[in-house]
Structure formats: structure tokens, C-alpha cells
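Structure record follows, encoded as C-alpha cells.
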């Protein structure tokens with residue numbers, strides 16, 4: 001039996017939309033979701049200063065007081081390295097990069113640190129260069145000795161590590177800026193604070209004067225101290 005009822009335009013339109021919707025759903029297999037952002041270290045002020053407030057220290061040495069046949073250790077001077085994080089708390093480690101590594105000796109040297117401590121046999125990976133004389137030979141070296149780290153109002157001995165930053169150990173006496181154990185932190189690993197003060201005991205060693213002509217010889221030591229937050 002035939003029906004005289006014809007499909008209405010309205011019903012046809014609904015059927016068409018349903019087909020299109022089904023086709024769209026079948027063609028989409030998924031959607032990408034992106035998760036972004038950044039983790040930023042705390043905003044801290046970093047400065048280094050000597051007793052006069054400047055970021056440079058000078059070893060003015062009389063040429064006649066130096067040894068023509070052996071290197072001479074010059075009494076050290078003190079600088080302070082400070083990290084001020086305000087109200088934020090964090091833990092830090094520091095390392096130094098020698099900006100004049102091409103101008104340093106290769107033999108072991110002696111250094112005269114504060115408290116009249118004279119340390120002998122410091123290898124070249126634990127001191128930095130003072131530049132080259134006109135003769136092309138190294139003028140000398142300087143070593144930076146760190147005995148403790150002040151975190152807020154507490155003093156800690158130092159810990160050092162190699163470049164992996166994982167295995168930390170206490171140095172025998174004090175830490176040095178070096179290439180074999182470049183990272184230095186407070187002796188309580190991960191000691192968090194908002195203010196850090198690190199005394200830098202800087203001793204110089206001048207090469208034998210027979211390696212360069214008498215007169216004014218510039219000492220050109222330079223290093224960049226980096227702060228790592230963790």
C-alpha cells in the first residue's frame with residue numbers, strides 16, 4: 001500500500017544535519033593539548049665587594065721584594081660575595097669561571113691566606129691566572145679559598161662537588177674555586193635562606209722575576225662567579 005505522505009523539508013533538513021554530524025565525528029581521531037609555562041629561579045641581588053666597597057682588589061707589590069729564582073706568595077686580601085633574595089628562600093651553590101685561564105702557570109704554587117695560613121703545593125686546577133708578561137710567560141696566579149658560608153645568621157662549613165652536582169663531600173680544610181670541584185655550597189646541603197654571605201680569601205703568587213723584565217707589570221686576574229639555585 002502506498003502512502004501519500006511526502007517527506008517534509010523540515011524532516012529532510014534534520015536528516016542531513018545528522019549525517020554531517022556523524023561524518024565529522026568519525027573523521028576526528030583526537031585533539032592535542034599543550035601544557036606550557038616556565039620555572040624561574042628566585043629574583044636575587046648578587047654583588048661582590050672588597051673592604052673599600054669596590055669589586056676589584058689590588059696587589060701592589062714592590063719588584064725588589066720578589067724572588068728572581070722562585071715564585072713568591074703574597075699575603076691574601078678579603079672580598080665578600082653576597083646573594084640577597086629578599087623575602088624569598090632558596091638554596092644556592094656557586095662556582096667561578098677563570099676569564100684569563102690562558103694566562104696562568106701550570107706548576108704547583110704556594111699561597112699565603114688569612115690567619116697566617118700558608119698552603120703549599122696547590123695544583124693549577126685550583127688557582128686562576130694573572131695574565132702574561134711581555135715575555136709571554138705567566139705573571140702569576142691567585143687562589144680563592146672559602147672556609148665557610150653564612151646562610152642568614154648561621155655559619156656552615158663548605159661542601160664541594162664535581163660537575164655532576166650530585167655527589168657532595170666536605171673538603172679537608174677549605175674549598176677553593178677550581179676546575180675539578182667547581183661547585184661550592186653550604187655544609188648543610190640544601191640549607192635554604194634569603195641572604196648568603198661568602199668570604200673569599202684571595203691569595204696571590206707572583207712568578208719568579210727572571211721570567212719578566214723589571215718595572216711595572218700588570219696583574220690581570222678576572223673571574224666570573226655564577227650562582228646556581230636549587
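Where a number appears in this text, it was derived from the coordinates with a stated rule and is not lab data. This is a predicted model, so every value here is computed, not measured. All Cβ positions, glycine included, derive from the backbone under ideal geometry; neighbour counts span all protein chains shown.
Things to note:
- Counting every other Cβ atom within 10 Å of each residue's Cβ, 160, 139 order from fewest to most as 160, 139.
- Most mobile of 91, 134, 191 in a GNM of the chain (Cα contacts under 10 Å): 134
- Label-to-label distance, nm, for residues given as residue 227 and residue 118 (7 Å Cα→Cβ offset): 3.8 nm
- In the set (i) 1.02; (ii) 1.86; (iii) 1.07, the label that goes with Cα Rg over 2.2 N^0.38 Å computed for this structure is (ii).
- A simple spin-label model places pseudo-atoms 7 Å from Cα toward Cβ; at residue 157 and residue 216 they are separated by 4.6 nm.
- Potential lengthening of the chain between residue 108 and residue 135 amounts to 7.6 nm, from the contour at 0.36 nm per residue minus the alpha-carbon distance.
- Equivalent ellipsoid semi-axes, segment 102-174, via Cα gyration tensor eigenvalues times 5, rooted, Å: 28, 16, 11
- Acute angle (nearest 10 degrees) that the helix 9-27 long axis makes with the longest principal axis of the chain, alpha-carbon atoms: 30 degrees
- Cβ-based exposure ranking for 198, 225, in which fewest neighbours within 10 Å come first: 225, 198
- Divide the volume of the convex hull around the Cα atoms of segment 117-230 by the residue count and you get 127 Å³ per residue.
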